[in-house]
1. Could you list, ordered by first residue, the pairs with Cβ atoms under 8 Å in which the first is in region 4-25 and part of a helix (DSSP H, G or I) and the second is of a type in the set (Phe, Trp, Tyr) and surrounded by 13 or more Cβ atoms within 10 Å (Cβ to Cβ), at least 6 apart or interchain?
2. I'd like the full set of residues that are more than 18 Å from Ile1 (Cβ to Cβ), polar (S, T, N, Q) and surrounded by 10 or more Cβ atoms within 10 Å (Cβ to Cβ), limited to region 19-60.
3. Examine region 28-38 for a residue that is touching a residue at least 40 places away in the same chain (Cβ under 8 Å), in a helix (DSSP H, G or I) and of a type outside the set (Phe, Trp, Tyr), and state whether such a residue exists.
Amino acid sequence: IITLAIIVYSINRFKRNQFYYYKNLGVSRLTLWASTLIFDFLFFLIVIITLAIKLNETHP
């Protein structure tokens, strides 16, 4: 969850002008943020679940 906050802060702070490219394509900021944060969270969950399964296989 901390990484999500860091991503939001750093992109809003340092990449502010690059949102115009997506705005011209018809993609809203909300759509960009929702897709980015959902992808990041799902990736995090997949990594955690994979590690838990691997650890369970080695330590029955």
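Read-outs: derived from the displayed coordinates by stated rules, not from any lab. Just so it is clear, the structure is predicted and the values come from calculations on it, not from any experiment. Cβ placement follows ideal geometry from the backbone for every residue including glycine, while neighbour counts extend to all protein chains displayed.
1. Qualifying pairs under 8 Å: Leu4/Phe41; Val8/Trp33.
2. Answer for region 19-60, where residues must be more than 18 Å from Ile1 (Cβ to Cβ), polar (S, T, N, Q) and surrounded by 10 or more Cβ atoms within 10 Å (Cβ to Cβ): Ser28, Thr31, Thr50.
3. Scanning region 28-38, I find no residue that is touching a residue at least 40 places away in the same chain (Cβ under 8 Å), in a helix (DSSP H, G or I) and of a type outside the set (Phe, Trp, Tyr), so the answer is no.
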